[in-house]
Every structure is written in C-alpha cells, then in structure tokens.
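Let me begin by presenting the structure, written as structure tokens, before commenting on it.
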Ligand code: SF4
C-alpha cells in the first residue's frame, strides 16, 4: 500500500504568536507546504531546522496552535498578525485540520488586525470568520497569467484562474484584498506584468511587487526552472534587470492610479 503524500506529522509547538518584521506578529500553523513552489525561501529555513526531504513532501501540523494562541492573545499586546511567512495557511491539509480557521476565530474574538496571504481559494471557506474583523486584508500571490509557467514554478498550487476568482469573491463580500506579484521571475517583461495588473486592479485595493531572492542552496533548482522557461540568461546579475523593471513599472502604475508597494 502506498503511504500518504505528503507525509503528515502532528507536532506540538512551544509558541505560536511570534514577533515579526512583517506586521507585528506572524503565525505559521504548519511547517512545510504542499504547494511546493520552486522559489520558496521557507524551504531554505526548513533545511536549517533539519528538514532535508524534498520541499512539498511533508507537512508538520502544529495541533496545539489554537490552544497556545488562546493563551498568548491574553498576555501579549495587540498588534497586526500576518498569516503566514513560512507556509501557506490554506494549503490542502488545512481542509482537514482547520487550524487556520480556528486561529482566526480566536483573533476575531479580540478583534486583532489580520493580514492573510495565500495561493488557495480555500480561504473562501472562512469568509464568515473574516467578515467579523474590523481590520482584515486577504491577499493572493499571483506571479504570472501563464498557466504553463505556474505549473513549472508552483507545481501543486491552485491555478491562476482560481486565485483570480477568489480575489473577486472576497472583494464582492466586502473583504479588503491585495495581490502579491512576487517573486517576479527574471526575464518577465514589463508588458506581461502590466497585463497581470490590468486583470487584478479592480479586484484588489493594493498590489505588492517583489523580486526573486535566491537563498543559498536553491540556485541549481531555480536555474533548472529558468532553463525550462528559456530565461537562463537572466539567472545571474539580476540587479540591473530588477531596477529597470521597477522604474518602468512605477511610472506606468502611477499613471494608471494603481496603489502599489515595491518590497525590494
Ligand atoms: S505557497 Fe508560499 S509557503 Fe507554500 S511553497 Fe509556495 S511560496 Fe512557499
């Protein structure tokens, strides 16, 4: 009999509401991520913590996260909570464990401000909870409109169309939304990004842009993908590409009145 894929392990964390530079706190209900994005920087940190298996092949479920959070919100100062920096809070395993949902319910009880970022329309399941916050914003990461590129770089993540439809639904339901276009893959043209912006701009309040930052040890994997995408000439010396891209985009976005933030 075949084993379950990914390998799921239930663990108990020591704390869950951790200080962060993104927002005031970050919550990571899981270690590992089934979406298995090639460029994911979290796999670098996971390796440092001793998880050397292929990224996407395992998930640790912090089963005591709600119990911990209920205690921590009582003793910590209220602040903006970001879900999640090292995992996708709505990866498939969330359907079964509902950790993210239960964590949001606890934060909603005390009305802590929340930022959620995901690649999954599973977030729509929790619209009832999200509507109860006075400050909440939900974002989708979308780096391309091309499904053939998405399949290579984000092999097990939901399709681009599903994410766009999810943003539309969130917006219709009165939830604040944002799009995160990042990491922009080296070699992506300005026109391609503007086409994506055009699709997203009515569905979100804000668009973030980020570049690719290659963590140590990930270069061979990323170079292999850039070769498949025929973008290998951009593999090294990317700085001038990203600076030129930023300058062009800033001009275009301002003239279109798109609210944007470059995080690089
Ligand atoms: S969805 Fe986010 S956390 Fe998950 S693999 Fe992709 S980049 Fe990493």
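The values are calculated or read from the model by the stated rules, or taken from the named source; none is laboratory data. All values reported here derive from a predicted model rather than from experimental measurement. Cβ atoms come from the backbone with ideal geometry, glycine included; neighbour counts cover every protein chain shown.
Observations on the structure shown:
Conditions (1) buried (at least 17 other Cβ atoms within 10 Å of the Cβ); (2) modelled with pLDDT under 95, marked per residue:
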residue	(1), (2)
204	yes, no
214	yes, yes
221	no, yes
224	no, yes
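- When residue 35 is tested against (1) more than 16 Å from the ligand (Cβ to nearest atom); (2) under 19 Å from the mean Cα position of the chain (by Cα); (3) buried (at least 16 other Cβ atoms within 10 Å of the Cβ), just one condition goes unmet, and that condition is (1).
- For the stretch 74-98, a tally of residues being within 18 Å of residue 136 (Cβ to Cβ) and in contact with a strand residue (DSSP E or B) (Cβ under 9 Å, 6 or more places away or on another chain) returns 11.
- Tabulated pairs, the stretch 59-88, first touching a residue at least 60 places away in the same chain (Cβ under 8 Å), second away from the ligand (no atom under 16 Å from the Cβ) and assigned to a helix (DSSP H, G or I), C-beta under 7 angstrom, 6+ apart or interchain: 81/107
- Those strands (runs of 3 or more DSSP E) of the stretch 40-142 that lie entirely within it include none in which at least 2 residues are modelled with pLDDT under 95 and away from the ligand (no atom under 15 Å from the Cβ).
- Matching strands (runs of 3 or more DSSP E) fully within the stretch 150-264 where at least 1 residues are closer than 26 Å to residue 92 by Cα and without any contact (Cβ under 8 Å) to a residue 60 or more places away in the chain: 176-184, 206-211
- Taken over the stretch 125-156, the criterion of being surrounded by fewer than 17 Cβ atoms within 10 Å (Cβ to Cβ) and over 30 Å from residue 228 (Cα atoms) is satisfied by 125, 127, 128, 131, 132, 134, 135.
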